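To start, the structure under review is shown below, and the notes come after it.
The values are calculated or read from the model by the stated rules, or taken from the named source; none is laboratory data. All of these numbers come straight from a predicted model, not from anything done at the bench. Here the Cβ positions follow ideal geometry from the backbone for every residue, glycine too, while neighbour counts run over all protein chains shown.
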Amino acid sequence: MNQQYSSLLLEKAVSEFAKLPGIGKKTAMRLVLHLLRQDAATVEAFGNAVITLKREVKYCKVCHNISDTETCQICANPQRDASIVCVVENIRDVMAVEATQQFRGLYHVLGGVISPMDGVGPGDLEIGSLVHRVSEGTIKEVVLALSSTMEGDTTNFFIYRKLEKLEVKLSVIARGISIGDELEYTDEVTLGRSIINRTSFTGTI
């Protein structure tokens with residue numbers, strides 16, 4: 001046991017919290033001590049929420065967004081425009097675009113971007129399912145809303161090559177977002193304007 005810990009249970013709990021992204025040992029210690037000060041019911045509710053999330057959460061069979069049901073609330077909403085699909089990297093980006101209240105279409109979550117340096121290729125992403133959705137003929141426009149990074153641009157180009165022969169309009173969000181910016185950290189006004197002012201994608205990086 002590390003000498004700074006008076007309890008193996010405490011040490012293990014801190015170690016587990018410290019595995020979370022952005023959580024160091026000191027922050028992990030503060031979180032664990034905070035939980036220790038709570039009553040048993042509060043701590044059990046916290047733990048059960050995490051366990052239930054992992055066991056029961058689903059991914060939408062249409063867009064791959066996180067969901068409580070087989071089809072997410074966005075895809076199942078008849079008020080959404082099913083002819084427009086916004087392609088994003090991850091679930092956090094869906095939340096970012098939704099927060100702008102400027103997009104009323106559907107989404108397609110890739111689960112990442114092409115990044116050979118990180119060992120992520122096209123086959124690791126939900127690109128094939130996107131091509132299948134578009135090939136069904138009901139989608140009229142695909143909005144590429146990936147981050148303004150080299151990996152994002154490479155993925156845009158790959159998707160363009162896969163969809164260019166299908167009868168669908170391809171557009172990309174306007175570059176009101178600085179080069180290299182991650183979509184989820186862009187403010188809502190800038191991101192909203194970028195979606196409204198999207199332009200046709202020409203297949204260039």
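Numbers for the structure displayed
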{"read-out": "Criterion (within 30 Å of I127 (Cα to Cα) and modelled with pLDDT of 95 or more) met by exactly one of T42, T100, T71", "value": "T71"}
{"read-out": "Residues of region 80-102 classified as touching a Lys or Arg at 6+ places or on another chain (Cβ under 9 Å) and surrounded by fewer than 17 Cβ atoms within 10 Å (Cβ to Cβ), total", "value": "4"}
{"read-out": "Spans of helices (runs of 4 or more DSSP H) in region 1-80 with at least 2 residues under 28 Å from G112 (Cα atoms) and out of contact with any helix residue (DSSP H, G or I) (no Cβ under 8 Å at 6 or more places or on another chain)", "value": "40-56, 73-76"}
{"read-out": "Region 60-110, residues that are closer than 14 Å to L144 by Cβ and free of Cβ contacts under 8 Å to residues at least 40 places away in the same chain", "value": "G105"}
{"read-out": "One residue from A18, A41 being surrounded by 12 or more Cβ atoms within 10 Å (Cβ to Cβ) and not assigned by TED's automatic domain parsing to the domain that holds L125", "value": "A18"}
{"read-out": "Qualifying residue in region 125-137 (condition: assigned to a strand (DSSP E or B) and either without any contact (Cβ under 8 Å) to a residue 60 or more places away in the chain or in contact with a Phe, Trp or Tyr (Cβ under 8 Å, 6 or more places away or on another chain) (or both))", "value": "no"}
{"read-out": "Set S147, S83: member being within 19 Å of F201 (Cβ to Cβ) and touching a helix residue (DSSP H, G or I) at 6+ places or on another chain (Cβ under 6 Å)", "value": "S147"}
{"read-out": "Some residue of region 96-109 being within 17 Å of the chain's Cα centre (by Cα), over 23 Å from F157 (Cα atoms), charged (D, E, K, R) and in a helix (DSSP H, G or I)", "value": "yes"}
{"read-out": "Answer residue from region 110-124, given it is aliphatic (A, V, I, L, M) and part of a loop (DSSP other than H, G, I, E, B) and is surrounded by the most Cβ atoms within 10 Å (Cβ to Cβ) among those", "value": "I114"}
{"read-out": "Selected residue [at pLDDT 95 or above, on the phi > 0 side of the Ramachandran plot and not β-branched (V, I, T)] from H64, H132", "value": "H64"}
{"read-out": "Residue list for region 125-137, restricted to those being more than 11 Å from L163 (Cα to Cα) and surrounded by 10 or more Cβ atoms within 10 Å (Cβ to Cβ)", "value": "L125, E126, S129, G137"}
{"read-out": "Number of the condition not met by T190 [criteria: (1) buried (at least 18 other Cβ atoms within 10 Å of the Cβ); (2) at pLDDT below 70; (3) outside any loop (DSSP other than H, G, I, E, B); (4) not basic (K, R)]", "value": "(1)"}
